[in-house]
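Written below as structure tokens is the structure these notes are about.
The values are calculated or read from the model by the stated rules, or taken from the named source; none is laboratory data. Model, not experiment: these values are computed from the prediction. Please note: Cβ atoms are built from the backbone with ideal geometry, for glycine as well, and neighbour counts cover all protein chains shown.
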Amino acid sequence: MEGDSRNIDWAGVDEVGRGPLAGPVVAVALWLPPDHRISGLRDSKQLRPEKRARLAPQIRAVALSLAIASVAAEEIDRINIHFASLLAMRLAVMALLPRPPGVWVDGRFVPPLEIPAEARIGADARYEVVSAASIVAKEYRDQLMSRCDRLYPGYGFSQHKGYPTPCHLEALDRLGPCPIHRTTFSPVRDRLVRA
């Protein structure tokens, strides 16, 4: 995996769930030992669900520190998805114990942190530690949305995880929004206006 050789012992942080119409945005920060020996780490979007499900417990087992933070739909609506993503990443990084010397952030923006940090677009494909964070975050959020499917049946959350698929939009038309929908996102907001 390509990456910057500087700051090789840094932690990584990534978020998932910016695009869905429902559910939280979730960030995972983690710090891996340099000799972790986990093979197959790459951006979670490039992995099949079965592979992510196998890798996530391996990552959790060897991480020097790992923290998960989420920001709920209500807060996303209040501060917007950009700031909610940064908040989730900040909360996750600041919960790491022991504290790493620095952190790689996937994307263009660094949340306010008390440790050195650098943002890189595509860091989840360039740095194994960010790939690992991406995998754990995706697996955690997918499981969370499957539990939401049982709480709010009829929307299909276990299948689409809150993303704006045709079946999700059809369920929104039929049932209206539920408490975990992001009411400031236009497909949800437009249906509230029409109701």
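Suppose we filter the range 7-55 for residues that are surrounded by fewer than 24 Cβ atoms within 10 Å (Cβ to Cβ), among the small types (Gly, Ala, Ser) and closer than 27 Å to PRO116 by Cβ; how many remain?
Within the range 7-55, residues that are surrounded by fewer than 24 Cβ atoms within 10 Å (Cβ to Cβ), among the small types (Gly, Ala, Ser) and closer than 27 Å to PRO116 by Cβ number 0.
Please find, within the range 67-78, the residue that is farthest from ALA117 (Cα to Cα) out of those that are in contact (Cβ under 8 Å) with a residue 40 or more places away in the chain and surrounded by fewer than 22 Cβ atoms within 10 Å (Cβ to Cβ).
It comes out as ASP77.
Okay, residues lined up against (1) in contact (Cβ under 8 Å) with a residue 12 or more places away in the chain; (2) crowded, with 19+ Cβ neighbours inside 10 Å:
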site: VAL103; (1), (2): yes, yes
site: ASP106; (1), (2): yes, yes
site: ALA123; (1), (2): yes, yes
site: VAL130; (1), (2): yes, yes
site: PHE157; (1), (2): yes, yes
site: GLY162; (1), (2): yes, yes
site: CYS167; (1), (2): no, no
site: ASP173; (1), (2): yes, no
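Would you check which residues across the range 32-74 are closer than 21 Å to MET89 by Cα, among the acidic types (Asp, Glu) and not in a loop (DSSP other than H, G, I, E, B) and list them?
GLU74
Just to be sure, is ALA11 under 12 Å from the mean Cα position of the chain (by Cα) and touching a residue at least 24 places away in the same chain (Cβ under 8 Å)?
no
Can you find even one residue in the range 79-98 that is free of Cβ contacts under 8 Å to residues at least 40 places away in the same chain, more than 18 Å from the chain's Cα centre (by Cα) and surrounded by 14 or more Cβ atoms within 10 Å (Cβ to Cβ)?
No, the range 79-98 contains no residue that is free of Cβ contacts under 8 Å to residues at least 40 places away in the same chain, more than 18 Å from the chain's Cα centre (by Cα) and surrounded by 14 or more Cβ atoms within 10 Å (Cβ to Cβ).
Scan the range 69-77 and give yes if some residue there is within 17 Å of ALA11 (Cβ to Cβ) and at pLDDT 95 or above, otherwise no.
Yes, the conditions are met somewhere in the range 69-77.
Considering each of ASP9, ASP14 in turn, give the residue that is of a type in the set (Asp, Glu) and under 30 Å from PHE185 (Cα atoms).
Going through ASP9, ASP14 in turn, just one is of a type in the set (Asp, Glu) and under 30 Å from PHE185 (Cα atoms): ASP14.
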